[in-house]
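Beneath this line is the structure, given in structure tokens, with notes to follow.
Values in this text are rule-based calculations from the coordinates and carry no lab data. Quantities reported herein were computed from a predicted structural model and do not represent experimental measurements. When we count neighbours, we look across all protein chains shown, and the Cβ atoms used for this are built from the backbone with ideal geometry, even at glycine.
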Amino acid sequence: MKRKFLLCMFLGLASIFTANAAVNSDDEIKSRIAPVGKVNIAGAKAETASAGGPRSGADIYSTACVACHSSGVLGAPKFQNAADWAPRLEKGFDTVWQNAINGINAMPPRGTCADCSDDEIKAAIEHMTEGL
Ligand code: HEC
């Protein structure tokens, strides 16, 4: 009876130690992987920033604005449509630009392009109003 108890104790302890060993090695693996991952991500970001630079107005328009501004969804002024844009541009370009950045009525801030810079928004508006 006593032996069986000791055997159980031994097996119990042994399994606790193996479980701990597994946790430790997992942690070790994580800590070994983490710095490499960080370096890679930082490198990738630096590359996009230097290689990409600011996107063109046409690029921004065709990815972020076209959904509403091509057909005039919710009353959005349509692409290069003089009648739609004239009353807006009368407010002055900077006002229109600020409204696009901050949002106005159904127009969401930055047209939902959260990673668009102020200048990229400006370029997109210039693209939509070019020649008007
Ligand atoms: C979800 C639809 C939607 C998207 C996407 C969208 N717009 Fe608009 N936009 C609107 C609507 C609706 C209006 C009209 C708002 C009003 O004056 O009532 C508008 C108005 C504007 C105006 C005129 C603001 C003024 O002062 O009259 C500008 C400039 C503009 N949008 C720029 C953009 C740009 C740039 C993008 C892309 C980065 C964009 N919009 C994306 C819906 C959208």
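For this structure, a couple of remarks:
- Shape analysis of segment 57-128 based on the Cα gyration tensor places the equivalent ellipsoid semi-axes at 16, 14, 12 Å, largest first.
- Length added when fully stretched, Ala86-Ala114, from 0.36 nm per residue minus Cα-Cα: 7.4 nm
- Database remark: amide H of Gly103 closer than 5 angstrom to the amide H of Arg110 (H placed geometrically; neighbours at sequence offset of 5 or more, or on other chains; Pro and chain starts carry no H).
- Cβ-based net charge around Leu89, under 14 Å, with every Lys or Arg adding one and every Asp or Glu removing one: -1
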